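Encoded as structure tokens, the structure appears first; notes follow it.
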Amino acid sequence: MDRKELIALLKKYGQEHLLFYYDNLSEEQKNKFVKQIEKIDWKLVNIAREGRKEEKRGCFEPIKGMGLEQIETNKDKFSEVGLEMIKAGKIGAVLLAGGQGTRLGCEGPKGIVNVGITKDLYIFELLFMNIMEVTKKAGTWIPFYIMTSEKNHDVTVTFLKEHHFFGYPEEYVTFFIQEMAVSVDFEGRILMEGPDQLSLSPNGNGGWFSSMMKAGLLEDLRRRGIEWLNIFAVDNVLQRIADPVFIGATIYSDCDSGAKVVRKTNPNERVGVLCLEDGKPSIIEYYEMTDEMNHRKNSDGRLSYCFGVTLNYLFRVDKIENISNTSMPIHVVEKRIPYLTKDGQYIVPENLNGYKFEELALDMIHFLDSCLPFEVVREREFAPIKNATGVDSLESARELLKKNGVEL
Ligand code: UTP
């Protein structure tokens with residue numbers, strides 16, 4: 001793209017301010033800058049400029065799930081099915097580790113955070129320890145895919161190599177890098193991080209499958225004969241990965257997907273809830289729930305909308321392949337975004353100053369015909385590290401790890 005074309009394109013989308021530093025850039029910088037412009041998804045910029053349209057939601061109903069009692073009764077049967085699938089090489093694990101951990105305020109990837117007190121114990125280490133309990137039982141390794149972003153890829157790879165993947169064989173670990181999206185101010189103007197650098201951030205965890213496909217990993221899944229993928233967040237240090245009971249229960253229930261859920265502790269708990277929307281599985285955010293939904297109870301006195309999601313899902317690969325061309329909803333999120341001013345100052349704002357665009361893995365559920373809500377014991381499987389202090393923090397996760405007998 002030459003200068004004239006560049007100007008015309010930016011003018012078309014009301015982004016001429018991006019040219020402010022252009023003429024003073026070296027040829028190399030100009031090329032780098034143009035490459036970023038060429039990759040912009042203008043649909044996102046238009047969303048921000050035209051204002052957010054309310055997402056029209058369908059008709060919600062509670063979903064039937066598999067509760068703790070039912071799981072306990074059938075545990076051996078489910079576990080057997082799950083272990084068979086793992087032994088047959090039909091299960092893969094996908095770690096979503098492309099996030100920026102802004103709430104926690106960590107420098108670099110969240111997985112390298114040390115939760116140990118008297119010894120080193122990293123988040124990545126805990127995740128590998130979890131899955132290795134299963135691989136030991138199954139007597140085989142599970143292909144382990146790790147999604148990173150351009151922002152944290154190198155540090156993640158270097159860290160894991162230095163720590164020899166905490167005992168996991170490197171040939172079973174595959175990295176792939178997720179896409180980036182531009183960040184804009186409240187008027188929809190793209191922000192800059194440097195004279196030749198747009199403000200870019202990872203585009204949410206929802207792009208995990210399309211990023212896997214772009215990285216050529218669909219071939220890899222086929223070659224290995226992987227039929228199910230367990231995707232999970234980096235920050236829940238207690239979760240069970242490739243849990244044979246969960247796999248067995250989902251397959252036994254003949255569902256296209258499964259979600260590990262915790263029962264809501266009170267009607268107003270701030271957690272996304274798995275339910276039915278127009279007869280299909282769907283996740284409703286806590287702020288979208290009406291008072292009536294929050295307080296609705298079954299005849300046994302328990303909450304009807306009770307299944308809080310934990311970002312640990314099982315997906316049938318053929319089913320998600322079928323929906324891979326479907327465009328996912330875009331979530332426009334207000335954030336504090338550092339930026340470069342026209343007079344060359346780099347500002348780290350104290351208040352929210354713009355939007356980032358994200359696709360979310362949870363939205364995939366609604367494109368599938370069925371999803372099994374699989375209940376887990378909160379104190380045993382849910383210890384997310386999201387915030388610097390208080391709820392879902394390093395401190396609260398440490399307490400839960402200790403209660404579960406993990407030496408810190
Ligand atoms: P969160 O929604 O908690 O986002 O991610 P985050 O970026 O880690 O943290 P905040 O919101 O900035 O504080 C849930 C999971 O999804 C992954 C995260 O790494 C985490 O495992 N994720 C998030 C991605 O892989 N890519 C993204 O673009 C965003």
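Using a probe of 1.4 Å, the accessible surface attributed to His295 totals some 90 Å² when neighbouring protein chains are kept in position.
Just to verify a number: FRET efficiency for Val391 and Val332, C-beta to C-beta distance, R0 = 22 Å, to 0.05? Could the numbers behind the result be given before it?
Details: r = 25 Å, r/R0 = 1.12.
According to the calculation, E is roughly 0.35.
Net charge dipole, the range 1-151: roughly 320 debye, given to the nearest 20, about the Cα centre with Cβ charges of +1 for Lys and Arg and -1 for Asp and Glu.
As an equivalent ellipsoid, the chain spans semi-axes of 37, 25, 21 angstrom, where each value is the square root of five times an eigenvalue of the C-alpha gyration tensor, largest first. Give me the one-decimal nm value for the distance between modelled label points at Asn31 and Phe175, 7 Å along each residue's Cα-to-Cβ direction. A separation of 2.4 nm, rounded to one decimal place. Under a 5 Å amide H cut-off, with hydrogens placed 1.01 Å from N, Thr174 pairs with Phe144, Tyr145, Ile146 among residues at least 5 apart or on other chains.
Which whole-number value in Å² is the accessible area per residue of the chain, probe 1.4 Å?
Numbers: 19640 Å² over 408 residues.
I get 48 Å² per residue for this part.
Amide H contacts of Ser393 (H built 1.01 Å from N, in plane; Pro and chain starts excluded): Lys386, Asn387 sit under 5 Å, all sequence-distant by 5 or more or on other chains. Computed from the C-beta positions of Ser299 and Lys56, the FRET efficiency with R₀ = 51 Å rounds to 0.95.
Taking the charge dipole of the chain about its Cα centre, with +1 at Lys and Arg Cβ atoms and -1 at Asp and Glu Cβ atoms, the residue from Leu314, His153, Phe33 reaching farthest to the positive side is Leu314.
Once a ≥ b ≥ c are taken as the square roots of the eigenvalues of the Cα gyration tensor of the range 119-265, is the result rounded (a/c under 1.5), prolate (a/b larger than b/c) or oblate (a/b not larger than b/c)? Cα axes put the range 119-265 in the prolate bin.
Per atom type, the chain shows carbon and sulfur on 47% of its accessible surface, probed at 1.4 Å. Met1 sits with roughly 80 Å² accessible to a 1.4 Å probe, with DNA, RNA and ligands left out of the calculation.
Cα centroid distance between the range 267-341 and the range 93-169, in Å? For the range 267-341 versus the range 93-169, the Cα centre distance is 26 Å. Arg336 contributes an accessible area of around 130 Å² to the protein surface, as traced by a 1.4 Å probe with all chains present.
So for the range 151-217, Kirkwood radius off the Cα pairs, Stokes-Einstein at 4 °C and 1.567 mPa s: how many µm² s⁻¹?
Details: Rh = 14.3 Å.
Reported coefficient: 90 µm²/s.
Counting every alpha-carbon pair across the range 1-108, the share separated by more than 22 Å comes to 69%. Each label was represented as a point 7 Å from its Cα along the Cα-to-Cβ direction; for Arg3 and His163 these points are 5.0 nm apart. Relative to the longest principal axis of the Cα atoms of the chain, helix 394-403 runs at roughly 20 degrees. Using a cutoff of 8 angstrom between alpha carbon atoms and counting only pairs six or more residues apart, the relative contact order for the chain works out to 22 percent.
Taken about its Cα centre, the chain carries a charge dipole of roughly 200 debye when the Cβ of each Lys and Arg holds +1 and the Cβ of each Asp and Glu holds -1. Which one, Ala181, Leu10, Ser199, projects farthest toward the positive side of the charge dipole computed for the chain from Cβ point charges (K/R +1, D/E -1)? Ranked along the dipole, the leading option is Ala181.
The values are calculated or read from the model by the stated rules, or taken from the named source; none is laboratory data. Here the structure is a predicted model, which is why all the values come from computation and not from measurement. Methodologically, a virtual Cβ is constructed for each residue, glycine included, from the backbone with ideal geometry; neighbour enumeration extends over all protein chains shown. Ligands, DNA and RNA are stripped out before the accessible areas are found, and what is left, the full protein with its side chains, is counted by its heavy atoms. Shrake-Rupley method; radii C 1.70, N 1.55, O 1.52, S 1.80 Å.
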